[in-house]
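All remarks here apply to the structure that follows.
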Amino acid sequence: MKRRTFIKNTGLTISALPLYSATFQNQSYKIALVGCGWWGMNILREAMAYGRCKVAGLCDVDKNAATTARGEVEKLNGDKPKIYGDFRELISREKPDITIVATPDHWHALPAIMAMENGAHVFIEKPIGHTIGEGQAVLRAARLHDRKVQVGTHRRLSPHNISAMEFLRSGKAGKIIQVKAFVNYQQGAGTPAPDSDPPKGLDWDMWIGPAPWRDYNPGIHPRGFRQFLDFANGTVADWGIHWFDQVLWWTEEKYPRNVFSHGNRYIRQDGSDAPDTQLAIFEFESFTLEWEHKLCAGNLNEAHNVGCYFYGTEGTLHLGWRDGWTFYPKNKNKEKVHQNPTLHAPDHQNIKESWADFILAIEQNKLPASDIETGHLASNISLLAMISCKLGRSIQWDGENEMIAGDAEANKLLRREYRGEWQYPG
Ligand SMILES: NC(=O)c1ccc[n+]([C@@H]2O[C@H](COP(=O)([O-])OP(=O)(O)OC[C@H]3O[C@@H](n4cnc5c(N)ncnc54)[C@H](O)[C@@H]3O)[C@@H](O)[C@H]2O)c1
């Protein structure tokens, strides 16, 4: 395997947090949040805690979410941001310096692109698009408008992930030839709820936006959209992208050449349609990447319910989340090596470091650690798995040209028709 080098900007640690140039000490950013739900508010809270920001506008198609968010912003930052139900109005009226996009996946691309066209830097959630073409358009807009875009793959700023990369690159795990990324959550089957009228204050037509129409169902909003394929791409895109991003961070390769995935619904009966069980194999030039998620029994080491196993000639490194990382040497006379994580409440994340890195990137005119190109490449891996899974056959990915070789039917799935007035980003 080729010798690996650290990708620029990834050696940031918490000690980098207070570093900003004196020129920017009085700089305050006008911030807008599009999507004021669970994760959007986690990001905005860290932005306010970092300081030097005025929350200028909050946009949510669910008035209840936006109103709750405004109450919290007023309490934490003293701002009284205007509430919007349409991001186009928010962006054109407020002209934010920074826009956070934390909508469901099918609504990432258009607000992010419009924000950049209007001069904003963007903090966008993962996966960066619902289809690969959307990700390409977001990446293009970032480069065209010369805006900094930080993707919510905050594990690139997590102290234990940084030290795991150092360990792998030191060669202590030997030559890595296989990586298995996985999520095994022991959830039940669930019960479907009937479709109903949307709750008061929710603009369901705008929530659906460019996706195919379907009636409101409480299983979709809030948060449940992940398992509905019209709005997201299931667990492989919700969780898988975090681990695929780690694999791309470790390797010098940018994409797999061949992808095969099989998924099915064996357990879930909650009315959603994403696979509850899925396997994928991604063939890279110098190693093989596997993905697996399932709802039945987990791995035998129950501590490791999510993460990646890097299988090396000297042993196996498990890169996890709340369980940090652990190296299990092949030679049983050698000691295990372990590193605990440093994560923040709520929800055990590293948004604090990610936000600080984003502001540094803006002020020092450099790429952020989770730059949009890395987010695009990681999102692609998830989305390619879903394309293969939907087709029921393997696909050959021409990563240079971002096309599926010799497969017109598969290439159609790189984009999709938008509903009504919405235009697929060109
Ligand atoms: N990086 C991470 O670790 C991490 C963790 C959790 C969630 N996420 C991502 O954050 C995103 C949001 O997930 P969530 O769990 O917060 O969902 P959520 O349902 O709690 O919040 C999404 C909000 O977006 C609103 N919304 C929908 N369409 C909109 C539109 N057109 N304009 C404005 N608002 C709109 C919804 O009404 C809702 O309030 C997802 O893409 C998810 O993958 C990332």
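Extending 7 Å from Cα along the Cβ direction at N301 and again at R214 yields two label points whose distance is 3.7 nm. Under the rule a/c < 1.5 gives rounded, and otherwise a/b versus b/c splits prolate from oblate, where does segment 218-271 land using the Cα gyration tensor? It comes out prolate by the Cα gyration axes. Under 5 Å from the amide H of M403 lie the amide H atoms of D398, each residue being 5 or more positions distant or on a separate chain, with H modelled from the backbone and absent for Pro and chain starts. Taking other Cβ atoms within 10 Å as a rough exposure proxy, V138, V306, V151 sort from fewest to most as V306, V138, V151. A Förster radius of 41 Å, combined with the Cβ-Cβ distance separating R393 from N26, puts the computed FRET efficiency at roughly 0.10. Between T288 and K63, the modelled labels are 5.6 nm apart [label points 7 Å from Cα along Cα→Cβ]. Ordered by the number of other Cβ atoms lying within 10 Å of each residue's own Cβ, fewest first, E314, E253 fall into the sequence E314, E253. For segment 203-301, the Cβ-based charge dipole about the Cα centre amounts to some 220 debye (Lys, Arg positive; Asp, Glu negative; other atoms uncharged). Could you tell me which of rounded, prolate or oblate describes segment 124-233, using a ≥ b ≥ c as the square roots of the eigenvalues of the alpha-carbon gyration tensor, with rounded for a/c under 1.5 and, failing that, prolate when a/b is larger than b/c and oblate otherwise? Verdict is oblate for segment 124-233. Just report the Cα centroid separation between segment 127-202 and segment 234-289, whole Å. The two parts, judged by their Cα centres, are 11 Å apart.
With the simple spin-label model, which puts each label point 7 Å out from Cα in the Cβ direction, the Q187 to L144 separation comes to 3.6 nm. Taking a point 7 Å out from the Cα of N411 in the direction of its Cβ, the residues of segment 380-400 whose backbone N falls within less than 20 Å of it are 380-381, 383-400. Between I177 and K82, residue separation times 0.36 nm minus the direct Cα-Cα distance comes to 29.0 nm. Taking a point 7 Å out from the Cα of N340 in the direction of its Cβ, the residues of segment 131-171 whose backbone N falls within less than 19 Å of it are 158-164. Quick check: from the Cα gyration tensor, does segment 174-312 come out rounded (a/c under 1.5), prolate or oblate? Taking the square roots of the gyration eigenvalues as a ≥ b ≥ c, segment 174-312 is prolate.
Every read-out reported here was derived from the displayed coordinates using simple, explicitly stated rules and does not represent laboratory data. Nothing here was measured: the structure is a model prediction, and the numbers come from that model. Every residue, glycine as well, gets a Cβ built from its backbone with ideal geometry; the counts of neighbours run over all protein chains shown.
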